[in-house]
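Engineer: Let me begin by handing over the structure; questions about it come next.
Any read-out appearing in this document is the output of simple, stated calculations on the displayed coordinates, not a laboratory observation. Bear in mind that the values here come from a model prediction, so they are computed numbers and not experimental data. Note that we place each Cβ from the backbone using ideal geometry, even for glycine, and neighbour counts take in every protein chain shown.
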Amino acid sequence: MSSILILGATSDVGKAITFKYASHGHNIILAGRKIEELNIIRSDLEIRFEIKVEVYFFDAENIKTHTTFCDQLQPFPEKTFCVFGYLGNHELAQRDLIESTKIMMVNYVGAVSILSLIANIYEINKSGLIVGVSSVAGDRGRQSNYYYGSAKAGFTTYLSGLRNRLYKSGVHVLTVKPGFIDTKMIEGISTPKQLTASPLEVAKAIYNADKKKKNVIYVISFWRVIMFIISVIPEFIFKRLRL
Amino acid sequence: MMSEILANWGNYPKSEAKLLSFNSFKSASELIENWDHFIPRGNGRCYGDSALADKIVSTLKYDKFISFDQLNGNISCQAGVLLCDIIDVVMPKGWFLPVTPGTKFITVGGAVAADIHGKNHHKEGSFSRHIIEVEILCDDNQVRICSKSVETDLFEATCGGMGLTGIILKVKFQLKKIESAYVVQKKIKVRNLEEAMSMFGQYGDATYSMAWIDCLKGGKAFGRSIVLVGEHANVDQLPIKKRETPYKFNERLRLSIPFNLPSLVLNKLSVKAFNTLYYNKTLSNYSESIISYDEFFYPLDSIQNWNRMYGAKGFLQYQFVLPLDNSYKGLVDILGRIRKRGSGSFLAVLKLFGDQNDLISFPMKGYTLALDFPVSKGVFKFLDELDKVVLNYGGRIYLAKDARMNKEMFWKSYPHLDRFMSIIKKYNPDKQFSSIQSERLGLT
């Protein structure tokens, strides 16, 4: 069975995607910073699904290490899921360059760095799937989270360009824009139930989108409507809103 | 932080609670550091208020398998793993749960905290008998590993202790060898309580036994029952075409009750009709069949949310045990009172327990009966009266089902509470772990 690579495997969505593909018999490569936690996930998957699971240290921010990271992966995974992200503290980011840079480094620079390496390999192999988990926050800049939002916007644009480039090589790129997800990122924050997806729902949506070769998905389709409305509000009105 | 309205399986009581979860040891430890007076909660399948409090810590995200020794059949997992997931993993390798309650949708942490029992209690005891070790995070934020031979006081107070010693993190226990996913079930229709009880004697060697009992019949048919007895099927007992893949069976159709039914659906008449139908569905007085483990152990799991049958107000499950010597007299007395009130339940389950005399676990040698009562006017007073009867016969009530027992009843009926309290005080001195139930019963 083919193997898949999960970048950011200790995130709730990363775990859910892993679980979904593992339950369909795929072998898994888990990558992330928390090795101890990854090893716990590894034994769990091996016991539950009797598949092959490998664990690798991966730090999105430390882009110098990305080439070495890729070289270790033998044989190379057929599908790559870029799930890591850093929401950060927006208010702090407005004042603190370290925080704002970190948000940009993880969500944009780190993601682009690793996926570019992987994309080149897939292009040579003339097959592969890249799934990037971006965010609806990237659809329009809002005062409450534009650092995170702009990094995700960049990431979304990157994925769209990558899809365009790799199409002729038979490599597919899927952009995922979940709205609210019920994860530790927002635990304790109140979000509208109908608009909040569980990590499991996100994983299912991705699995189905992979099968159907979709390009861009919103996990809960109503988000597409919301983001459409938000994006068509004229700027002279939008700038007055408190969003 | 947001509060939500939570209830356990009985939908009574409902309580506003703040709910947090953890998915690593570190986050569990941070919760203890930063949060006071909460109760750990698994899948919320206890019936009453054991897993309710103003603050609740869910173990459901702490749900990883740690190890599984396929050769010797021992398994170790984090507390939030559900029994249904354990079955899925171990059954294809020829193993099964050593003890299982009537639902597989409980966590292994909950199984320890309630020290659950099943249809094999008379032969194989409760869940705690099969535990190899439990890892628990106590009030002082120290992890302790306890078992029948190490930190025994903590182990004793954790098995059946309803989460009051700390957050159960990991459980390692011994599985049971089986040859197939099937059970050979014998169904015996008996005319009254006396016959039912004699069947438990007659089938004392059977691995699994229990009876459905009709609480509303009087006269000669008082306590008419259907006794179910079971053994795991060996491969050679299976039909030939199933012998190749003995651990495979067809999943049942799942039904669901999507919303709370109006409470008047279940009244004296409809319950009577149901019981009569159920009793008469079994045509012959004796029948034998081979059914899947799912059908045998978890008949109600096929109806999702069956608890909604009792309406939005919820229901109380009343499960008591009486010492063997008093069992017959006591059951006649109690069933008589229920019949007179005409508020019998849909499902009344009778079972003979084997010997057990643990610190806080529910089972003791004797008969146990479990009944459902829709929450209604007068039911609390009635159950208070039943408590007194149970107490007079030397019995007690199962904490995992309880939502209403008063402190006095509890302290008079559980014999080792002084020792239990002293252990709770040792490991949970600041009432870090505390539920609505533990406060009601004067434990925290």
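Engineer: Apply the membrane-span-like helix rule to chain A: whole DSSP H runs, Cα extent along the own long axis of at least 15 Å, mean Kyte-Doolittle hydropathy at least 0.5. List the helices found. Let's see the in-between values first.
Structural biologist: Values: long enough: A:12-23 (16 Å, 0.05); A:35-49 (20 Å, 0.07); A:111-125 (21 Å, 1.33); A:146-166 (29 Å, -0.38); A:199-212 (20 Å, -0.51); A:222-232 (16 Å, 2.11).
Long hydrophobic helices here: A:111-125, A:222-232.
Engineer: Would you work out the charge dipole size for the range A:2-121 about its Cα centre, treating the Cβ of every Lys and Arg as +1 and the Cβ of every Asp and Glu as -1, and quote it to the nearest 20 debye?
Structural biologist: So the magnitude is around 160 debye.
Engineer: What shape does the range B:98-230 have by the C-alpha gyration tensor, where a ≥ b ≥ c are the square roots of the eigenvalues, rounded means a/c under 1.5, and otherwise prolate means a/b greater than b/c and oblate the rest?
Structural biologist: It comes out prolate by the Cα gyration axes.
Engineer: Rounded to the nearest 0.05, what FRET efficiency do residue A:226 and residue B:295 have when you use their Cβ-Cβ distance and R0 = 45 Å? Walk me through the intermediate numbers first.
Structural biologist: Working: r = 46 Å, r/R0 = 1.02.
Taking R0 as 45 Å, the efficiency between residue A:226 and residue B:295 is 0.50.
Engineer: Take the alpha-carbon positions of the range B:18-149, form their convex hull, and give its projected area averaged over all directions (one quarter of the hull surface) in nm². Spell out each step's value before the answer.
Structural biologist: Numbers: hull surface 34.4 nm².
It is 8.6 nm².
Engineer: Do the alpha carbons of any pairs in A:177/A:239; B:18/B:119; A:152/A:204; B:104/B:340; A:79/B:177; B:104/B:220 sit beyond 28 Å of each other, and which pairs? Could the numbers behind the result be given before it?
Structural biologist: Working: A:177/A:239 23 Å; B:18/B:119 36 Å; A:152/A:204 22 Å; B:104/B:340 34 Å; A:79/B:177 39 Å; B:104/B:220 37 Å.
Pairs exceeding 28 Å: B:18/B:119; B:104/B:340; A:79/B:177; B:104/B:220.
Engineer: For the range A:69-164, state the semi-axes of the equivalent ellipsoid (square roots of 5 times the eigenvalues of the alpha-carbon gyration tensor), sorted largest first and rounded to whole angstrom. Spell out each step's value before the answer.
Structural biologist: Working: eigenvalues 160, 40, 16 Å².
Listed largest to smallest, the semi-axes of the range A:69-164 are 28, 14, 9 Å.
Engineer: Compare the Cα positions of B:92, B:184, B:309 along the charge dipole of chain B (+1 at Cβ of Lys, Arg; -1 at Cβ of Asp, Glu; about the Cα centre) and return the one farthest towards the positive end.
Structural biologist: Result: B:309.
Engineer: Assuming a viscosity of 1.306 mPa s and a temperature of 10 °C, what translational diffusion coefficient in µm² per second does Stokes-Einstein assign to the range B:2-47, Rh being the Kirkwood radius over Cα pairs?
Structural biologist: Working: Rh = 11.9 Å.
Roughly 133 µm²/s, to the nearest whole number.
Engineer: Looking at the range B:25-68, which chymotrypsin sites (Phe, Trp or Tyr not before Pro) are in a loop (DSSP not H, G, I, E or B) and have at most 15 other Cβ atoms within 10 Å? Working shown, then result.
Structural biologist: Working: sites: B:25, B:35, B:38, B:47, B:62, B:65, B:68; in loops: B:35, B:47, B:62.
Within the range B:25-68, the qualifying chymotrypsin sites (Phe, Trp or Tyr not before Pro) (loop, at most 15 other Cβ atoms within 10 Å) are B:35.
Engineer: Gaussian network model of chain B, Cα springs within a sub-10 Å range: biggest mean-square fluctuation belongs to which of B:36, B:205, B:355?
Structural biologist: B:205
Engineer: Quick one: give the max-minus-min coordinate of the C-alpha atoms of the protein assembly as shown along each principal axis, largest first, in Å.
Structural biologist: So the three principal-axis extents are 83, 59, 51 Å.
Engineer: So what's the gap between the Cα centers of the range B:54-96 and the range A:16-35, to the nearest angstrom?
Structural biologist: Cα centroid of the range B:54-96 versus Cα centroid of the range A:16-35: 18 Å apart.
Engineer: Is the range B:283-356 best put as rounded, prolate or oblate by its Cα gyration tensor, with a ≥ b ≥ c the root eigenvalues, rounded for a/c under 1.5, and otherwise prolate when a/b is larger than b/c, oblate when not?
Structural biologist: On the way: a/c = 1.74, a/b = 1.13, b/c = 1.54.
Verdict is oblate for the range B:283-356.
Engineer: Give the shape of chain B as rounded, prolate or oblate, defined through the alpha-carbon gyration tensor: a ≥ b ≥ c are the square roots of its eigenvalues, a/c under 1.5 means rounded, and otherwise the shape is prolate if a/b is larger than b/c and oblate if not.
Structural biologist: Numbers: a/c = 1.56, a/b = 1.18, b/c = 1.32.
In terms of gyration-tensor shape, oblate.
Engineer: Using Cβ counts within 10 Å as a stand-in for footprinting exposure, how do B:18, B:248 rank, fewest first? Before the final figure, lay out the partial values.
Structural biologist: Values: B:18 17, B:248 12.
Sorted ascending by nearby Cβ count, the order is B:248, B:18.
Engineer: What is the log10 of I(q)/I(0) for chain A, computed with the Debye formula using one identical point scatterer on each Cα and no solvent, at q = 0.08, 0.09, 0.12 Å⁻¹?
Structural biologist: Reported log10 I(q)/I(0), two decimals: -0.29, -0.37, -0.67.
Engineer: Tell me, what is the percent relative contact order of the range B:1-86, built from C-alpha pairs under 8 Å that lie six or more residues apart? Show your work: numbers first, answer last.
Structural biologist: Values: 155 pairs, mean separation 24.0, N = 86.
In percent, rounded to a whole number, it is 28.
Engineer: Would you be so kind as to identify which of B:25, B:48, B:75 lies farthest towards the positive end of the dipole of the range B:1-98, taking Lys and Arg as +1 and Asp and Glu as -1 on Cβ and the Cα centre as origin?
Structural biologist: Value: B:75.
Engineer: Give the relative contact order (percent, whole number) for the range B:344-444; include only Cα pairs under 8 Å separated by 6+ residues. It would help to have the intermediate numbers written out before the result.
Structural biologist: Values: 90 pairs, mean separation 23.1, N = 101.
Computed value for the range B:344-444: 23 percent relative contact order.
Engineer: Let me ask something additional. Determine the percent antiparallel among the DSSP beta bridges restricted to the protein assembly as shown, to the nearest 5. Please list the in-between numbers first.
Structural biologist: On the way: 65 of 103 bridges.
Close to 65 percent.
Engineer: Note the per residue figure in Å³ for the convex hull of the C-alpha positions in the range B:98-140. Kindly include the intermediate steps, with their values, before the conclusion.
Structural biologist: Numbers: hull volume 3.2 nm³, N = 43.
In the range B:98-140, the Cα convex hull volume per residue is 75 Å³.
Engineer: Separate question: Based on alpha-carbon centroids, what's the gap between the range B:142-180 and the range B:377-420 in Å, whole number please?
Structural biologist: Going from one Cα centre to the other spans 25 Å.
Engineer: I would also like to ask the following. As a test of the formula, what do you get for the protein assembly as shown when each DSSP H run with n ≥ 4 contributes -39,500 (n - 2.57) and the sum is divided by the residue count, at 222 nm and rounded to the nearest 500 deg cm²/dmol? List each step's numbers first, then the result.
Structural biologist: Values: 23 runs with 232 residues, N = 687.
Computed ellipticity for the protein assembly as shown at 222 nm equals -10000 deg cm²/dmol.
Engineer: What order, most packed first, do the peptides B:414-422, B:174-182, A:32-40, B:393-401 have when packing is the mean number of other Cβ atoms within 10 Å of each residue?
Structural biologist: Numbers: B:414-422: 15.1, B:174-182: 20.0, A:32-40: 17.2, B:393-401: 23.4.
Packing proxy ranking, top to bottom: B:393-401, B:174-182, A:32-40, B:414-422.
Engineer: Once the Cβ-Cβ distance between residue B:34 and residue B:341 is put in as r, and R0 is 51 Å, what FRET efficiency do you end up with, to the nearest 0.05?
Structural biologist: On the way: r = 48 Å, r/R0 = 0.95.
In this case the efficiency is close to 0.60.
Engineer: List the extent of the Cα atoms of the range A:109-224 along each of their three principal axes, largest first, rounded to whole Å.
Structural biologist: For the range A:109-224, the Cα spread along each principal axis is 46, 29, 23 Å.
Engineer: Which value, in debye to the nearest 20, gives the size of the charge dipole of the range B:80-212 about its Cα centre, when Lys and Arg are +1 and Asp and Glu are -1 at the Cβ? Intermediate values should be presented prior to the final figure.
Structural biologist: Details: 15 positive and 15 negative charges, 145 e Å.
For the range B:80-212, the charge dipole is close to 700 debye.
Engineer: Of B:364, B:126, B:223, whose Cα points farthest to the positive end of the dipole of chain B (charges on the beta-carbon: +1 Lys, Arg; -1 Asp, Glu; origin at the Cα centre)?
Structural biologist: The one lying farthest along the dipole's positive direction is B:223.
Engineer: Relative contact order of chain A: what whole-number percent is it, with Cα pairs under 8 angstrom and at least 6 residues apart? List each step's numbers first, then the result.
Structural biologist: Values: 418 pairs, mean separation 43.1, N = 243.
Normalised by residue count, the contact order of chain A is 18 percent.
Engineer: Right, here's the next one. Roughly how crowded by other chains is peptide B:16-24, in terms of the mean Cβ count from those chains within 10 Å of each of its Cβ atoms?
Structural biologist: Working: counts 0, 0, 1, 2, 3, 2, 1, 6, 6.
Whole-number average of other-chain Cβ neighbours for B:16-24 is 2.
Engineer: Kirkwood Rh, the range B:350-439, all Cα pairs: how many Å? Intermediate results must be reported in sequence, preceding the final value.
Structural biologist: On the way: mean 1/r = 0.0681 Å⁻¹.
Computed over the range B:350-439, the radius equals 14.7 Å.
Engineer: Counting Lys and Arg as +1 and Asp and Glu as -1, each charge on the Cβ, what is the dipole of chain A about the Cα centre in debye, to the nearest 20? The partial results should precede the final answer.
Structural biologist: On the way: 30 positive and 21 negative charges, 197 e Å.
Computed charge dipole of chain A: roughly 940 debye.
Engineer: If I build a Gaussian network model for chain A, linking alpha-carbon pairs within less than 10 angstrom, which residue out of A:13, A:55, A:176 has the largest mean-square fluctuation?
Structural biologist: A:55
Engineer: I want to verify a result. In a Gaussian network model of chain B, Cα cutoff 10 Å, which of these has the top mean-square fluctuation: B:209, B:287, B:50?
Structural biologist: Result for chain B, Cα springs under 10 Å: B:287 fluctuates most.
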